[in-house]
Every structure is written in structure tokens, then in C-alpha cells.
Amino acid sequence: VRVFDLAAKKVLQAWPHPRSTNGVTFTRDARRLATGCNDGLIRVFDVATGAERNQVAGHEPNSGITELRFTRDDRWLFSAGMDRTIRRWKLDDAGAATLMQTVEAHDGFVFGLDLSPDETQLASAGWD
């Protein structure tokens, strides 16, 4: 996973992951970045320092996380995965995540998520 400065055309941060990484999302203030890896883990990084702030067993072991989306207040994170679920996480200021809800959303891998502008609806796309 890499974060680029588009104006300077250079890499600001780079974080190796043990397997392929499909989902990434910034918090609204761009201070944190969450990544979803095919090892089933969600990792939360401090963008300025490069430090890994948290690691969460996001979905079934060895089930890839394919998409992530923060809410506007950065308190909630939604994740989608190859285990056919969508999960809702509550985050604290330190980046720790607590699983609040799991939705068995599709009959195939879930590969897309988006929140409506007023955040009252969540859309998902899957291989089914």
C-alpha cells in the first residue's frame, strides 16, 4: 500500500502487507488510513508517521477484505469481504475497532461498498 503526494509526484508512505491488499480508505481528515488485506486483517495506519495504530481480525481467517469505507465522522468503518459479509466497526480515537454488526449480504464475494451522502443507506456489490 502506498500513499502519494500528487503535487510533488512522490511516495509519502509505503506499507508492505503479507498478501494482496484490495481495500483502502482515508479518514475524512486524512490522518489515518485503513487497509484490507487478503489475510483477513484490517490495519489502521497513522499517515503522517507511518506507524501502524491497530490490527483487527476483520473477516474470516484468510478471507480477503475487498472494500472499506469510513463514515464522515470517522467513528464507524464498514468492511466487505470474500466471506460474503459486510461488517460495521466502531472506532475509538486510538484506532481500536469493535465489531458492532455482521450482515450476510451476498451469495458471493462482496466487492463494493458505498454510503449515501446522508449516510442513511449502504450499497453493496457482489459476485452474485
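Summary of computed values
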{"item": "Within the accessible area of the chain (1.4 Å probe), percent carbon and sulfur", "result": "49 percent"}
{"item": "Average accessible surface area per residue within the chain, 1.4 Å rolling probe, Å²", "result": "55 Å²"}
{"item": "Selected from F45, F26, A14, residue furthest toward positive end of dipole (the chain; charges at beta carbon)", "result": "A14"}
{"item": "Loop chymotrypsin sites (Phe, Trp or Tyr not before Pro), the stretch 64-128 (other Cβ atoms within 10 Å of the site Cβ: 13 or fewer; DSSP)", "result": "W127"}
{"item": "Three-way shape label, the chain, alpha-carbon gyration tensor, a/c 1.5", "result": "prolate"}
{"item": "Estimated distance in nm for a label pair at D92 and A125, the labels positioned 7 Å out from Cα along Cα-to-Cβ", "result": "3.6 nm"}
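The values are calculated or read from the model by the stated rules, or taken from the named source; none is laboratory data. Remember, predicted model here, so these are calculated numbers, not experimental data. When we count neighbours, we look across all protein chains shown, and the Cβ atoms used for this are built from the backbone with ideal geometry, even at glycine. Only protein heavy atoms, including side chains, enter the accessible area calculation; ligands, DNA and RNA are left aside. Shrake-Rupley method; radii C 1.70, N 1.55, O 1.52, S 1.80 Å.
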